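In what follows, a structure is listed as structure tokens, so that the remarks can point back to it.
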Amino acid sequence: MSKHNDLIERSHWLRRTVFEMVMTTKRGHVPSSFSCAEILVSLFYGGVARYTRGDPTDPNRDRVYMSKGHAAHALYPILADIGYFPTEELARYTKPEGLLRMYADPSIPGIEAICGSLGHGLGIAAGVCMASRNDGRDVRSFVVLGDGECYEGSVWETAMFAAQQGLDNLVAIVDRNALCILGRTEDLVRLEPIDEKWRSFGWEVVRVDGHSHTALLDAFARVGKTGGKPLCIVADTVKGKGVSFMEGRSEWHNRMPSPEQLEQARRDLETNRITN
Amino acid sequence: MANPLMRDVLIEELCSIARRDPDVYFIAADLGAAALDSFREELPRQFIHSGISEQNMIDVAAGLATCGKKVYCYAMSSFITARCYEQIKVALGAMNQPVTLISVGVGMGYDDAGPTHYTTEDIAIMRALPGIEVLSPADAESTLAIARHTHAKPAFRYLRLERPALPPVYQGDFAAALPAGFARVAPGSKVAIVSSGYMLHRSLEARALLAAQGVEPAVFDLFRVKPLDPAALVAALAPYDAVVTVEEQWLAGGFGSVVLEAFSDVGSTKRVVRIGLPDRWFFENGGRKPVLDAFGLGVADIARAVGELHSSPGREGA
């Protein structure tokens with residue numbers, strides 16, 4: 001299988017696995033997870049983030065932060081797959097006897113920070129990047145930010161700071177699905193031109209189709225080649241990507257499907273492959 | 001020799017520690033100190049200016065701490081507490097990161113500045129966080145010993161520094177008191193005053209005033225309100241008929257509440273009178289001392305409260 005096809009199959013697997021995991025107890029955020037599926041798969045399976053299978057505490061690992069913490073559970077199938085905890089935990093998601101919670105925290109192997117509250121991941125990652133640089137470790141931090149998360153002022157506090165510090169080992173990926181709970185970002189509080197905002201804060205910025213592994217991998221290839229700037233990848237995505245009735249619909253943020261919709265979603269996820 | 005500023009004592013010691021320990025990091029959110037200039041110059045790799053961005057400061061500190069760094073965050077009291085409370089709660093508290101928050105100018109330390117710069121609630125809000133250690137030194141000796149303690153035992157910690165230089169309370173005996181979290185700093189009988197920081201000095205002044213009238217309350221410095229062994233505090237206060245707590249805080253959940261909780265937790269019904277700030281905002285000019293005098297925290301107010309308890313019949317506690 002070509003690398004590209006492998007990534008497509010893994011995204012397909014990730015969406016279906018996350019969906020079934022969330023449906024076991026009907027807790028979680030499916031559309032927010034689906035908008036960033038290709039981002040996470042590219043990071044972990046596209047040769048971008050460096051990690052040691054089975055060793056979540058390797059001090060030289062790259063750090064991956066799901067700063068949009070409501071979708072951190074999208075990482076669980078991947079973290080299990082790379083041997084950070086047993087795959088059986090996925091079936092115990094949010095159950096009293098289970099390890100995995102709806103909002104992730106560092107008690108779960110592979111979760112680097114508690115990010116249920118928005119606007120923390122970038123600053124914590126910046127601290128790790130500074131420590132790593134000072135210690136001579138080649139550690140990068142990849143921070144998946146929600147576009148709605150970019151309303152938080154703390155994101156921009158760190159954006160300024162990271163540029164000043166020249167943290168070229170820091171990568172922000174903005175999951176630009178254009179929706180928050182009450183509607184379209186551009187109808188609520190405008191975020192565009194979001195790429196220009198990051199650029200004006202001193203970041204190297206690239207804007208890509210966030211469902212295209214090819215485009216994402218091209219963007220990730222710029223890590224460390226930014227002339228001392230932190231890198232921001234604005235990934236244009238679709239919230240709920242892969243489930244027809246959820247795509248681009250803000251009301252599905254944390255709603256759970258009816259039995260009929262559940263079957264429809266399963267059919268969609270079985271047949272849909274995101275192949276851009 | 002003039003009394004040194006607490007912040008200079010602390011930072012000088014931290015600088016000396018940081019020269020030996022490259023894992024010590026100091027983050028400032030644009031607050032200076034004479035001692036900080038040499039730290040910045042000598043140890044630029046270990047000094048970080050976060051910008052006037054306290055949220056960023058705390059999150060960056062958390063990230064550094066996850067890599068094993070011993071991090072100190074430094075800002076004015078108001079801005080290192082309520083301003084970034086959620087970052088403290090989540091990134092330091094819930095993630096259990098050993099970061100020391102150095103809070104300068106507690107209470108009404110920034111004279112005339114008003115509610116934006118006064119921290120008259122910081123004890124209540126900071127001690128509410130699980131696992132935090134809350135310390136309030138009252139002089140240079142206690143500040144120095146606490147500086148060493150923060151490095152020897154890295155922890156999630158809130159360190160309350162007074163802005164003005166204060167005269168000595170301890171004479172080489174603070175280090176021995178540190179493990180308990182409180183110390184009797186003046187002997188007495190019948191009534192015990194419990195206070196800390198700036199108000200400890202006012203309490204000692206009140207004791208001096210009362211001595212002329214033949215009344216001698218003991219004075220206790222409760223410099224660590226959390227963690228606290230309630231049984232130990234209650235035992236230390238057992239010889240006295242009544243207790244007066246003195247704080248430059250609103251009473252809701254503050255310093256006096258700590259003492260009341262200790263008595264309640266061990267089932268004691270000892271008489272405890274709390275003296276603190278009235279439940280209002282303070283916009284008055286004139287500086288810290290006149291404002292405290294005008295709102296019930298004058299030396300005479302403390303002396304009066306003690307005197308009343310002294311002359312009233314004692315009530316045995318548990």
Report task. Go ahead and run the numbers for FRET between residue B:213 and residue A:107, Cβ-Cβ distance against an R0 of 56 Å, rounding to 0.05. Result -> 0.40
Report task. Specify whether the C-alpha gyration tensor of the protein assembly as shown places it in the rounded, prolate or oblate class, a ≥ b ≥ c being the square roots of the eigenvalues: rounded for a/c under 1.5, otherwise prolate if a/b is larger than b/c and oblate if not. Result -> prolate
Report summary line: Under the helix-only model (-39500 (n - 2.57) for each DSSP H run of 4 or more, divided by the residues of chain B), the mean residue ellipticity at 222 nm, to 500 deg cm²/dmol, is -10500 deg cm²/dmol
Query - For chain B, share of DSSP beta bridges that run antiparallel, in % to the nearest 5 - result: 15 percent
Report summary line: The farthest towards the positive end of the charge dipole of chain A, of the residues A:32, A:178, A:200, given +1 on Cβ of Lys and Arg and -1 on Cβ of Asp and Glu, is A:32
**Report entry** Inter-chain shielding of A:116-125 (mean C-beta neighbours from other protein chains, 10 Å cut-off)
**Finding:** 6
Query raised in the report: So how far apart, in nm, are the two label points at residue A:189 and residue B:19 if each is 7 Å from Cα heading toward Cβ?
Result: 4.7 nm
Report summary line: Quick calc: nm separation of the 7 Å Cα→Cβ label points for residue B:205 and residue B:238 -> 3.5 nm
**Report entry** Total charge dipole magnitude, the protein assembly as shown, about the Cα centre, Cβ charges on Lys, Arg, Asp, Glu only, Debye to nearest 20
**Finding:** 740 debye
Requested in this report: Over chain A, average the accessible area per residue using a 1.4 Å probe and give it in Å², no decimals.
Outcome: 37 Å²
Report summary line: Mean other chain Cβ within 10 Å across A:150-162 is 4
Query raised in the report: What FRET efficiency comes out for the pair residue A:53/residue A:271, r = Cβ-Cβ distance, R0 = 30 Å, nearest 0.05?
Result: 0.45
Query raised in the report: At a Förster radius of 22 Å, what calculated FRET efficiency corresponds to the Cβ-Cβ distance of residue B:289 and residue B:2, to the nearest 0.05?
Result: 0.75
Query raised in the report: Counting alpha carbon pairs within less than 8 Å and at least 6 residues apart, what relative contact order, in whole percent, applies to the stretch B:180-311?
Result: 28 percent
Report task. List the relative contact order of the stretch A:156-237 as a percent without decimals, with contacts defined as Cα pairs under 8 Å and 6+ residues apart. Result -> 47 percent
Query raised in the report: Do you know the relative contact order of the stretch B:6-161, to the nearest whole percent, from alpha carbon pairs under 8 angstrom that are 6+ apart?
Result: 24 percent
Requested in this report: Rounding to the nearest 20 debye, state how big the charge dipole of the stretch A:3-271 is about its Cα centre with +1 on each Lys and Arg Cβ and -1 on each Asp and Glu Cβ.
Outcome: 120 debye
Report summary line: Once residue A:222 and residue A:263 are pulled to full extension, the length gained, defined as 0.36 nm per residue separation minus their Cα-Cα distance, is 10.7 nm
Requested in this report: Could you tell me whether the stretch B:225-318 comes out rounded, prolate or oblate from its Cα gyration tensor? Rule is a ≥ b ≥ c as square roots of the eigenvalues, rounded for a/c under 1.5, then prolate if a/b exceeds b/c, otherwise oblate.
Outcome: oblate
Requested in this report: Can you tell me the dipole magnitude for chain B around its Cα centre, using point charges on the Cβ only (Lys, Arg +1; Asp, Glu -1), in Debye to the nearest 20?
Outcome: 480 debye
Report task. Could you pull out every one of the lysines with an alpha carbon less than 25 Å from that of residue B:226, ignoring same-chain neighbours closer than 8 positions? Result -> B:69, B:70, B:89, B:153, B:270
Requested in this report: Along Cα→Cβ, 7 Å out, is where each label goes; now give me the distance between the ones at residue B:308 and residue B:260 in nm to one decimal.
Outcome: 1.5 nm
Report summary line: Heavy-atom accessible area of the stretch A:3-271 with neighbours in place, 1.4 angstrom probe: carbon+sulfur share in percent works out to 49 percent
**Report entry** Area buried, chain B against chain A - accessible surface, total, 1.4 angstrom probe, square angstrom
**Finding:** 1800 Å²
Requested in this report: Tell me the trypsin sites (Lys or Arg not before Pro) within the stretch A:164-255 that lie in a loop according to DSSP and have at most 10 other beta-carbon atoms within 10 Å.
Outcome: A:190, A:225
**Report entry** Amide H partners (placed H, <5 Å) of residue B:219, local residues excluded
**Finding:** B:185, B:186, B:193
Query raised in the report: Classify chain B: rounded, prolate or oblate, from the alpha-carbon gyration tensor (a ≥ b ≥ c, eigenvalue square roots; a/c under 1.5 rounded; otherwise prolate if a/b is larger than b/c)?
Result: prolate
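The values are calculated or read from the model by the stated rules, or taken from the named source; none is laboratory data. Please read these numbers as outputs of a predicted model, since none were measured by experiment. All Cβ positions, glycine included, derive from the backbone under ideal geometry; neighbour counts span all protein chains shown. When the accessible area is computed, the model is the full protein with side chains, heavy atoms only, and any ligands, DNA or RNA have been set aside. Shrake-Rupley method; radii C 1.70, N 1.55, O 1.52, S 1.80 Å.
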